[in-house]
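Reviewing the structure listed below.
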Amino acid sequence: NKNIGIGCADGRIGKGMIHAKNGNDWGVVEEELMEKISESTKATIDFFGKNIAYVNVMRNMSVSCDCEGTAAAPVVTPNVGILASTDICAIDTACVDIVYAMTEEEHHDLVERIETRHGFRQLTYMHEIGMGNNRYILIDLDNDEVRITPKDCVKGLKPFKLVR
């Protein structure tokens, strides 16, 4: 959702409209920011209609955005894989559920970021404004297209190791 809502927003003007509040360039925070990101995303996907698919790559997941201008904390989250869907709400919900299925050590930083930045509001608001459904079925294409759970997705993953 954020990559479309912020990534496709028009440069300084579009991104400024998402972040701005009462003349303050960075005045929108918390749940309101999550809602504005979702509204921006909705404008993009409404344009494409049914001619759009979503691919989330759960690899080298970082808690920081490059827009923050600070170095991100080292990645400790294991690489999970790739998810694809024609429903943005379902795929983002599945990714969050998979993160929560990881061990505390593996997901601590991401969970803290999701919760302190009101990330769940993106998921609930997308559903509220008709962007999709929060129900999904995970299918493992590498293993005879068997249905799996978020816990199955993270079973046996090796923690990410930073190689210098």
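Bear in mind these aren't lab numbers, they're just calculated from the coordinates by the rules spelled out. A quick note: this is a predicted structure, and the numbers were derived from the prediction, not measured. Cβ coordinates were reconstructed from backbone atoms using ideal geometry, including for glycine residues, and neighbour counts include every protein chain displayed.
Quick notes on this structure:
- Set side by side, the residues ILE98, ILE139, ILE91, ILE114 differ, and just one is under 21 Å from ASP46 (Cα atoms) and outside any loop (DSSP other than H, G, I, E, B), which is ILE91.
- Which listed residue is buried (at least 18 other Cβ atoms within 10 Å of the Cβ) and among the charged types (D, E, K, R), from ASP109, ASP97: ASP109
- Test: residue in region 124-133 that is without any contact (Cβ under 8 Å) to a residue 24 or more places away in the chain, over 20 Å from VAL80 (Cβ atoms), of a type in the set (Val, Ile, Thr) and not in a loop (DSSP other than H, G, I, E, B): yes
- When restricted to residues that are among the acidic types (Asp, Glu) and more than 20 Å from VAL111 (Cβ to Cβ), region 75-93 contains 1.
- Residues located in region 112-139, provided they are more than 13 Å from the chain's Cα centre (by Cα), surrounded by 18 or more Cβ atoms within 10 Å (Cβ to Cβ) and hydrophobic (A, V, I, L, M, F, W, C): MET131
- Between TYR100, TYR136, the distinction of being among the aromatic types (Phe, Trp, Tyr) and closer than 22 Å to LYS50 by Cβ belongs to TYR136 only.
- Scan of region 37-54 for residues that are surrounded by 19 or more Cβ atoms within 10 Å (Cβ to Cβ) and not in a helix (DSSP H, G or I), ordered by number: TYR54
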